[in-house]
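Notes for the one structure printed next.
The values are calculated or read from the model by the stated rules, or taken from the named source; none is laboratory data. Predicted, not measured: the structure shown is a model, and the values here were computed from it. Reconstructed Cβ throughout: ideal geometry from the backbone, glycine too, with neighbour counts over all protein chains shown. Surface areas here come from the heavy atoms of the whole protein model, side chains and all, with no ligands, DNA or RNA. Shrake-Rupley method; radii C 1.70, N 1.55, O 1.52, S 1.80 Å.
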Amino acid sequence: MGQQRRAVTGTFAGLCLASVAASPVQAAYDMNLVRGVTEVSHSTFNLHMISLWVCAAIGVVVFGAMFYSLFAFRKSRGAVAANFHENTTVEVIWTVIPFIILIAMAFPATKSLLTLEDTSDPELTIKVTGYQWRWQYDYLDQGVSFFSNLAATSRDAIKADPHADANYLRDVDNPLVVPVNTRIRFVFTSNDVIHSWWVPELGWKQDTIPGFINDAWTNIPKPGFYRGQCAELCGKDHGFMPIVVEAKTREDYETWLTAKKAEAEAAKSGADREWTLDELVERGKGVYGTYCVACHQANGQGIPPAFPALAGSAIATGPIEGHVNIVMHGKPGTAMQAFGAQLNDVDLAAVITYERNAFGNNKGDLVQPSQIKAAR
(Lines give C-alpha, C1' and ligand atoms only; values in the text may rest on other atoms or scores of the structure.)
Protein backbone atom coordinates (compact mmCIF):
# COMPACT_ATOMS: atom_id res chain seq x y z
CA MET A 1 0.00 0.00 0.00
CA GLY A 2 2.82 2.38 0.89
CA GLN A 3 4.55 1.73 -2.44
CA GLN A 4 1.30 2.31 -4.35
CA ARG A 5 0.71 5.57 -2.48
CA ARG A 6 4.24 6.78 -3.25
CA ALA A 7 3.83 5.81 -6.93
CA VAL A 8 0.56 7.71 -7.23
CA THR A 9 2.03 10.73 -5.43
CA GLY A 10 5.10 10.68 -7.67
CA THR A 11 2.97 10.45 -10.82
CA PHE A 12 0.75 13.33 -9.67
CA ALA A 13 3.77 15.49 -8.85
CA GLY A 14 5.31 14.69 -12.23
CA LEU A 15 2.11 15.67 -14.04
CA CYS A 16 1.91 18.93 -12.09
CA LEU A 17 5.51 19.83 -12.95
CA ALA A 18 4.98 18.93 -16.58
CA SER A 19 1.84 21.06 -16.82
CA VAL A 20 3.55 24.04 -15.19
CA ALA A 21 6.59 23.68 -17.46
CA ALA A 22 4.35 23.53 -20.52
CA SER A 23 2.19 26.50 -19.56
CA PRO A 24 2.72 29.81 -21.41
CA VAL A 25 3.06 31.63 -18.08
CA GLN A 26 6.01 29.48 -17.05
CA ALA A 27 7.56 29.82 -20.51
CA ALA A 28 7.64 33.61 -20.10
CA TYR A 29 8.91 33.55 -16.52
CA ASP A 30 12.54 34.52 -16.01
CA MET A 31 14.20 34.03 -12.64
CA ASN A 32 17.41 35.86 -13.49
CA LEU A 33 18.12 39.57 -13.86
CA VAL A 34 17.40 41.19 -17.21
CA ARG A 35 20.64 41.58 -19.14
CA GLY A 36 19.41 44.80 -20.70
CA VAL A 37 20.81 46.82 -23.60
CA THR A 38 23.00 49.52 -22.04
CA GLU A 39 26.56 49.59 -20.76
CA VAL A 40 25.31 50.01 -17.19
CA SER A 41 22.87 47.10 -17.46
CA HIS A 42 25.61 44.81 -18.83
CA SER A 43 27.97 45.84 -16.04
CA THR A 44 25.28 45.23 -13.42
CA PHE A 45 24.35 41.86 -14.91
CA ASN A 46 27.98 40.70 -15.09
CA LEU A 47 28.59 41.76 -11.48
CA HIS A 48 25.47 39.88 -10.43
CA MET A 49 26.63 36.71 -12.20
CA ILE A 50 30.11 36.91 -10.66
CA SER A 51 28.58 37.26 -7.20
CA LEU A 52 26.15 34.41 -7.90
CA TRP A 53 28.90 31.97 -8.92
CA VAL A 54 31.14 32.99 -6.01
CA CYS A 55 28.24 32.37 -3.61
CA ALA A 56 27.48 29.06 -5.35
CA ALA A 57 31.11 27.94 -5.02
CA ILE A 58 31.17 28.90 -1.33
CA GLY A 59 27.92 27.00 -0.80
CA VAL A 60 29.29 23.87 -2.49
CA VAL A 61 32.49 23.93 -0.40
CA VAL A 62 30.78 24.68 2.92
CA PHE A 63 27.83 22.30 2.54
CA GLY A 64 30.06 19.67 0.92
CA ALA A 65 32.37 19.73 3.93
CA MET A 66 29.37 19.65 6.26
CA PHE A 67 27.66 16.69 4.58
CA TYR A 68 30.94 14.79 4.22
CA SER A 69 31.64 15.26 7.92
CA LEU A 70 28.15 14.12 8.87
CA PHE A 71 28.52 11.00 6.73
CA ALA A 72 32.16 10.02 7.31
CA PHE A 73 32.35 10.80 11.03
CA ARG A 74 28.98 9.68 12.27
CA LYS A 75 28.63 7.92 15.59
CA SER A 76 27.36 4.68 14.02
CA ARG A 77 30.78 4.24 12.41
CA GLY A 78 32.53 4.59 15.73
CA ALA A 79 33.74 8.15 15.26
CA VAL A 80 34.75 9.92 18.46
CA ALA A 81 34.62 13.69 18.61
CA ALA A 82 37.97 15.44 19.06
CA ASN A 83 38.33 17.64 22.10
CA PHE A 84 40.13 20.87 21.26
CA HIS A 85 39.40 24.56 21.72
CA GLU A 86 41.40 26.54 19.14
CA ASN A 87 43.31 26.01 15.93
CA THR A 88 45.30 29.04 14.82
CA THR A 89 45.80 27.75 11.29
CA VAL A 90 42.06 27.23 10.74
CA GLU A 91 41.26 30.64 12.24
CA VAL A 92 43.70 32.34 9.86
CA ILE A 93 42.42 30.44 6.82
CA TRP A 94 38.73 31.21 7.34
CA THR A 95 39.56 34.88 7.97
CA VAL A 96 42.00 35.44 5.10
CA ILE A 97 40.03 33.64 2.36
CA PRO A 98 36.77 35.64 2.85
CA PHE A 99 38.85 38.83 3.04
CA ILE A 100 40.47 38.04 -0.31
CA ILE A 101 37.09 37.21 -1.86
CA LEU A 102 35.57 40.49 -0.65
CA ILE A 103 38.50 42.56 -1.91
CA ALA A 104 38.38 40.80 -5.30
CA MET A 105 34.65 41.50 -5.63
CA ALA A 106 35.01 45.11 -4.43
CA PHE A 107 36.96 46.17 -7.52
CA PRO A 108 34.30 45.40 -10.19
CA ALA A 109 31.53 46.54 -7.80
CA THR A 110 33.21 49.91 -7.20
CA LYS A 111 33.86 50.36 -10.92
CA SER A 112 30.18 49.67 -11.70
CA LEU A 113 28.97 52.07 -9.00
CA LEU A 114 31.27 54.87 -10.18
CA THR A 115 30.07 54.38 -13.76
CA LEU A 116 26.44 54.37 -12.64
CA GLU A 117 26.80 57.59 -10.63
CA ASP A 118 28.73 59.57 -13.25
CA THR A 119 26.09 61.77 -14.90
CA SER A 120 28.55 64.34 -16.24
CA ASP A 121 28.71 65.66 -19.83
CA PRO A 122 25.17 64.78 -20.98
CA GLU A 123 24.09 65.49 -24.55
CA LEU A 124 20.42 65.63 -23.49
CA THR A 125 18.79 66.22 -20.09
CA ILE A 126 15.26 65.08 -19.30
CA LYS A 127 13.40 65.92 -16.11
CA VAL A 128 11.05 63.16 -14.87
CA THR A 129 8.31 64.12 -12.41
CA GLY A 130 6.09 61.52 -10.77
CA TYR A 131 2.39 62.22 -10.27
CA GLN A 132 -0.47 60.12 -8.95
CA TRP A 133 -0.61 58.33 -11.36
CA ARG A 134 1.33 59.42 -14.40
CA TRP A 135 4.76 60.69 -15.45
CA GLN A 136 5.72 64.13 -16.72
CA TYR A 137 8.70 64.47 -19.05
CA ASP A 138 10.43 67.83 -19.57
CA TYR A 139 13.13 68.01 -22.23
CA LEU A 140 15.22 70.73 -20.66
CA ASP A 141 16.45 73.39 -23.11
CA GLN A 142 14.21 71.89 -25.82
CA GLY A 143 10.90 73.54 -24.94
CA VAL A 144 9.05 70.21 -24.92
CA SER A 145 7.01 68.89 -22.00
CA PHE A 146 4.22 66.33 -21.83
CA PHE A 147 2.51 63.77 -19.60
CA SER A 148 2.56 60.02 -20.11
CA ASN A 149 -0.55 58.12 -18.97
CA LEU A 150 -1.76 54.55 -19.13
CA ALA A 151 -3.10 54.02 -22.66
CA ALA A 152 -6.86 53.82 -23.11
CA THR A 153 -6.51 50.37 -24.70
CA SER A 154 -4.89 49.01 -21.55
CA ARG A 155 -7.48 50.65 -19.28
CA ASP A 156 -10.36 49.31 -21.37
CA ALA A 157 -8.86 45.80 -21.28
CA ILE A 158 -9.15 45.74 -17.48
CA LYS A 159 -12.91 45.14 -17.72
CA ALA A 160 -12.82 43.32 -21.07
CA ASP A 161 -10.20 40.70 -21.98
CA PRO A 162 -6.71 41.35 -20.57
CA HIS A 163 -5.30 38.52 -22.72
CA ALA A 164 -6.33 40.39 -25.87
CA ASP A 165 -3.81 43.16 -25.12
CA ALA A 166 -0.25 42.02 -25.85
CA ASN A 167 1.11 44.76 -23.56
CA TYR A 168 -1.63 44.71 -20.93
CA LEU A 169 -1.11 47.61 -18.50
CA ARG A 170 2.22 48.30 -20.21
CA ASP A 171 1.18 50.81 -22.91
CA VAL A 172 1.07 54.60 -22.60
CA ASP A 173 -0.46 57.38 -24.65
CA ASN A 174 2.83 59.34 -24.90
CA PRO A 175 6.06 57.34 -24.66
CA LEU A 176 9.35 58.93 -23.65
CA VAL A 177 11.20 59.32 -26.96
CA VAL A 178 15.01 59.48 -26.94
CA PRO A 179 17.76 59.28 -29.56
CA VAL A 180 20.08 56.26 -29.71
CA ASN A 181 23.83 56.53 -29.11
CA THR A 182 23.28 59.65 -27.00
CA ARG A 183 24.39 60.24 -23.41
CA ILE A 184 21.15 61.18 -21.65
CA ARG A 185 20.92 62.50 -18.12
CA PHE A 186 17.67 62.09 -16.17
CA VAL A 187 16.75 64.22 -13.15
CA PHE A 188 13.96 62.86 -10.98
CA THR A 189 11.50 64.46 -8.58
CA SER A 190 7.85 64.08 -7.57
CA ASN A 191 4.81 66.31 -7.29
CA ASP A 192 3.08 64.36 -4.52
CA VAL A 193 4.34 61.05 -3.05
CA ILE A 194 7.39 58.85 -3.61
CA HIS A 195 7.41 57.01 -6.94
CA SER A 196 10.17 54.95 -8.53
CA TRP A 197 11.05 55.11 -12.24
CA TRP A 198 12.18 51.67 -13.37
CA VAL A 199 12.97 50.32 -16.84
CA PRO A 200 14.80 46.99 -16.30
CA GLU A 201 16.58 47.01 -19.66
CA LEU A 202 18.33 50.26 -18.75
CA GLY A 203 19.92 48.57 -15.75
CA TRP A 204 18.79 50.81 -12.87
CA LYS A 205 15.81 52.39 -11.15
CA GLN A 206 15.57 55.73 -9.38
CA ASP A 207 13.19 57.09 -6.74
CA THR A 208 11.27 60.30 -7.39
CA ILE A 209 10.91 62.12 -4.07
CA PRO A 210 8.98 65.37 -3.43
CA GLY A 211 11.35 68.28 -2.84
CA PHE A 212 14.42 66.23 -3.72
CA ILE A 213 16.41 65.64 -6.92
CA ASN A 214 17.92 62.30 -7.93
CA ASP A 215 19.70 61.70 -11.20
CA ALA A 216 20.87 58.88 -13.46
CA TRP A 217 22.06 58.44 -17.03
CA THR A 218 21.76 56.08 -19.96
CA ASN A 219 22.96 55.59 -23.52
CA ILE A 220 20.75 53.25 -25.56
CA PRO A 221 22.65 51.68 -28.47
CA LYS A 222 19.77 50.48 -30.65
CA PRO A 223 16.23 51.59 -31.55
CA GLY A 224 13.29 49.89 -29.90
CA PHE A 225 10.69 50.00 -27.14
CA TYR A 226 11.78 49.47 -23.54
CA ARG A 227 9.05 49.05 -20.95
CA GLY A 228 8.92 49.45 -17.20
CA GLN A 229 6.67 50.70 -14.42
CA CYS A 230 6.58 52.52 -11.11
CA ALA A 231 8.37 50.34 -8.57
CA GLU A 232 7.16 52.13 -5.42
CA LEU A 233 3.73 51.65 -3.81
CA CYS A 234 2.30 55.09 -4.49
CA GLY A 235 -1.46 54.78 -4.04
CA LYS A 236 -4.55 53.10 -5.44
CA ASP A 237 -3.48 53.30 -9.11
CA HIS A 238 0.14 52.25 -8.55
CA GLY A 239 -0.38 49.29 -10.89
CA PHE A 240 -1.53 51.60 -13.71
CA MET A 241 1.60 53.74 -14.03
CA PRO A 242 3.68 52.16 -16.80
CA ILE A 243 6.76 53.56 -18.50
CA VAL A 244 7.56 53.20 -22.19
CA VAL A 245 10.86 54.45 -23.59
CA GLU A 246 11.04 54.59 -27.38
CA ALA A 247 14.58 54.87 -28.72
CA LYS A 248 14.77 56.31 -32.23
CA THR A 249 17.55 57.02 -34.69
CA ARG A 250 18.88 60.56 -34.51
CA GLU A 251 17.02 61.55 -37.69
CA ASP A 252 13.70 60.11 -36.50
CA TYR A 253 14.16 61.71 -33.10
CA GLU A 254 14.70 65.15 -34.65
CA THR A 255 11.53 64.68 -36.73
CA TRP A 256 9.56 63.72 -33.61
CA LEU A 257 11.00 66.68 -31.66
CA THR A 258 10.00 69.12 -34.39
CA ALA A 259 6.46 67.72 -34.41
CA LYS A 260 6.22 67.98 -30.61
CA LYS A 261 7.31 71.63 -30.69
CA ALA A 262 4.70 72.34 -33.36
CA GLU A 263 2.08 70.58 -31.22
CA ALA A 264 2.99 72.78 -28.24
CA GLU A 265 2.70 75.92 -30.36
CA ALA A 266 -0.68 74.78 -31.67
CA ALA A 267 -1.90 74.29 -28.09
CA LYS A 268 -0.81 77.83 -27.22
CA SER A 269 -2.51 79.34 -30.25
CA GLY A 270 -5.65 77.30 -29.52
CA ALA A 271 -6.11 79.22 -26.30
CA ASP A 272 -6.67 82.44 -28.24
CA ARG A 273 -9.57 81.35 -30.43
CA GLU A 274 -13.23 80.81 -29.69
CA TRP A 275 -14.36 77.17 -29.43
CA THR A 276 -17.86 75.81 -29.90
CA LEU A 277 -19.64 73.82 -27.22
CA ASP A 278 -19.51 70.62 -29.28
CA GLU A 279 -15.76 71.01 -29.90
CA LEU A 280 -15.03 71.47 -26.20
CA VAL A 281 -17.31 68.62 -25.10
CA GLU A 282 -15.70 66.21 -27.58
CA ARG A 283 -12.18 67.16 -26.52
CA GLY A 284 -13.12 67.25 -22.85
CA LYS A 285 -14.43 63.69 -22.98
CA GLY A 286 -10.97 62.50 -24.00
CA VAL A 287 -9.25 64.57 -21.30
CA TYR A 288 -11.69 63.27 -18.69
CA GLY A 289 -11.04 59.67 -19.78
CA THR A 290 -7.30 60.17 -19.31
CA TYR A 291 -7.06 62.27 -16.15
CA CYS A 292 -10.33 62.01 -14.21
CA VAL A 293 -11.99 58.66 -14.88
CA ALA A 294 -9.86 56.68 -12.40
CA CYS A 295 -11.36 58.56 -9.45
CA HIS A 296 -14.70 59.93 -10.65
CA GLN A 297 -15.57 56.92 -12.88
CA ALA A 298 -16.76 56.93 -16.49
CA ASN A 299 -20.39 57.58 -15.42
CA GLY A 300 -19.43 60.43 -13.10
CA GLN A 301 -20.66 58.59 -9.99
CA GLY A 302 -17.26 58.57 -8.24
CA ILE A 303 -16.36 56.30 -5.35
CA PRO A 304 -17.74 58.11 -2.27
CA PRO A 305 -16.58 59.28 0.15
CA ALA A 306 -12.98 59.45 -1.09
CA PHE A 307 -13.88 60.33 -4.68
CA PRO A 308 -17.15 62.28 -4.86
CA ALA A 309 -19.62 62.04 -7.74
CA LEU A 310 -19.69 64.72 -10.44
CA ALA A 311 -23.19 63.81 -11.60
CA GLY A 312 -25.48 66.41 -10.06
CA SER A 313 -22.70 67.72 -7.81
CA ALA A 314 -22.60 71.25 -6.44
CA ILE A 315 -19.26 71.80 -8.17
CA ALA A 316 -20.30 70.65 -11.66
CA THR A 317 -23.70 72.37 -11.53
CA GLY A 318 -22.80 75.41 -9.43
CA PRO A 319 -20.96 78.63 -10.29
CA ILE A 320 -18.41 78.23 -13.08
CA GLU A 321 -15.77 80.13 -11.13
CA GLY A 322 -15.80 77.55 -8.33
CA HIS A 323 -15.52 74.70 -10.82
CA VAL A 324 -12.57 76.36 -12.56
CA ASN A 325 -10.87 77.05 -9.26
CA ILE A 326 -11.04 73.48 -7.91
CA VAL A 327 -9.90 71.91 -11.20
CA MET A 328 -6.97 74.29 -11.51
CA HIS A 329 -5.88 74.44 -7.87
CA GLY A 330 -7.20 71.20 -6.38
CA LYS A 331 -8.57 70.79 -2.88
CA PRO A 332 -6.05 70.56 -0.01
CA GLY A 333 -6.45 67.56 2.26
CA THR A 334 -8.18 65.47 -0.38
CA ALA A 335 -7.17 63.37 -3.38
CA MET A 336 -8.22 66.16 -5.75
CA GLN A 337 -5.05 67.27 -7.52
CA ALA A 338 -4.27 70.70 -8.94
CA PHE A 339 -4.43 70.29 -12.72
CA GLY A 340 -3.46 73.87 -13.52
CA ALA A 341 0.17 72.87 -14.04
CA GLN A 342 -0.67 69.57 -15.71
CA LEU A 343 -3.08 70.64 -18.47
CA ASN A 344 -2.99 73.45 -21.00
CA ASP A 345 -5.68 76.11 -21.27
CA VAL A 346 -7.61 74.30 -23.99
CA ASP A 347 -7.71 70.97 -22.15
CA LEU A 348 -8.75 72.62 -18.88
CA ALA A 349 -11.55 74.50 -20.58
CA ALA A 350 -12.62 71.36 -22.42
CA VAL A 351 -12.77 69.06 -19.39
CA ILE A 352 -14.67 71.62 -17.30
CA THR A 353 -17.14 72.16 -20.13
CA TYR A 354 -17.54 68.39 -20.51
CA GLU A 355 -18.20 67.86 -16.79
CA ARG A 356 -20.88 70.55 -16.80
CA ASN A 357 -22.65 68.94 -19.76
CA ALA A 358 -22.20 65.20 -19.07
CA PHE A 359 -23.62 62.69 -16.58
CA GLY A 360 -27.04 64.31 -16.82
CA ASN A 361 -25.80 67.74 -15.68
CA ASN A 362 -26.73 69.38 -19.03
CA LYS A 363 -25.95 72.89 -17.85
CA GLY A 364 -25.27 74.18 -21.35
CA ASP A 365 -22.31 76.11 -19.94
CA LEU A 366 -19.24 76.75 -22.04
CA VAL A 367 -15.81 77.66 -20.68
CA GLN A 368 -13.43 79.21 -23.22
CA PRO A 369 -9.65 78.65 -23.03
CA SER A 370 -9.26 82.44 -22.80
CA GLN A 371 -11.10 82.33 -19.46
CA ILE A 372 -8.65 79.75 -18.15
CA LYS A 373 -5.72 81.80 -19.43
CA ALA A 374 -7.06 84.86 -17.60
CA ALA A 375 -7.55 82.86 -14.38
CA ARG A 376 -3.92 81.68 -14.18
Worksheet item: Check W135: other-chain or 5+ apart residues with amide H under 5 Å from its amide H, H built from backbone geometry?
Response: S148
Worksheet item: Could you list log10 I(q)/I(0) for the range 233-351 at q = 0.10, 0.17, 0.19, 0.22 Å⁻¹, which the Debye formula gives when each Cα is one point scatterer?
Response: -0.41, -1.03, -1.19, -1.38
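Taking the Cα centre of the chain as origin, work out the dipole magnitude from +1 charges on Lys and Arg Cβ and -1 charges on Asp and Glu Cβ, in debye rounded to 20.
1520 debye
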Practice prompt. First compute the accessible area of the chain with a 1.4 Å probe, then give the percent of it belonging to carbon and sulfur atoms.
Written response: 61 percent
Discussion item. Per 0.36 nm of contour for each residue apart, how much would the distance between E123 and S69 grow if the chain were fully extended, relative to their Cα-Cα spacing?
Written reply: 13.4 nm
Response to the item:
Percent relative contact order for the chain, counting Cα pairs under 8 Å at least six residues apart, stands at 13 percent
Worksheet item: For the range 311-376, with equal point scatterers placed on the C-alpha atoms only and solvent neglected, what are the log10 I(q)/I(0) values from the Debye formula at q = 0.21, 0.23, 0.25, 0.27 1/Å, to two decimals?
Response: -0.82, -0.97, -1.12, -1.25
Worksheet item: Can you give the extra length, in nm with one decimal, that the chain gains between E86 and T255 once fully stretched, where that is 0.36 nm per residue apart less the Cα-Cα distance?
Response: 53.4 nm
Worksheet, complete the sentence: Helix 250-270 sits off the longest principal axis of the Cα atoms of the chain, rounded to the nearest 10 on a 0 to 90 degree scale, by 40 degrees
Discussion item. Restricting everything to alpha-carbon atoms, can you work out Rg to Rh for the range 116-227 with a Kirkwood hydrodynamic radius?
Written reply: 0.99
Worksheet item: Can you work out ³J(HN,Hα) from phi for every residue in the range 135-146, in order, using Karplus 6.51 cos²θ - 1.76 cosθ + 1.60 and θ = phi - 60°, giving whole Hz and x for Gly and Pro?
Response: 10, 10, 10, 10, 8, 4, 6, 10, x, 10, 8, 7
Worksheet item: Taking only protein heavy atoms and a 1.4 Å probe, what accessible area per residue, in Å², does the range 63-135 have with all protein chains in place?
Response: 78 Å²
Item to complete: Mind checking the per residue accessible area of the range 239-376 for me, 1.4 Å probe, whole number of Å²?
Response: 49 Å²
Worksheet item: Where does helix 88-117 land angle-wise versus the long Cα axis of the chain, in degrees 0 to 90, nearest 10?
Response: 20 degrees
Discussion item. Charges on Cβ only, +1 for Lys and Arg, -1 for Asp and Glu, centred on the Cα centroid of the range 46-118; of G59, V96, A72, which one is farthest towards the dipole's positive end?
Written reply: A72
Worksheet item: What order do you get for 75-83, 56-64, 313-321, 237-245 when each peptide is scored by the mean count of other beta carbon atoms within 10 Å, highest first?
Response: 237-245, 313-321, 56-64, 75-83
Worksheet item: Sorted by mean Cβ packing within 10 Å, highest first, what order do the peptides 284-294, 205-215, 94-104 take?
Response: 284-294, 205-215, 94-104
Worksheet entry | Radius of gyration and Dmax over the Cα atoms of the chain, both given in Å | 29.1, 100
Worksheet item: Going by alpha carbons, how many degrees (0 to 90, nearest 10) lie between the helix axis of 277-291 and the longest principal axis of the chain?
Response: 20 degrees
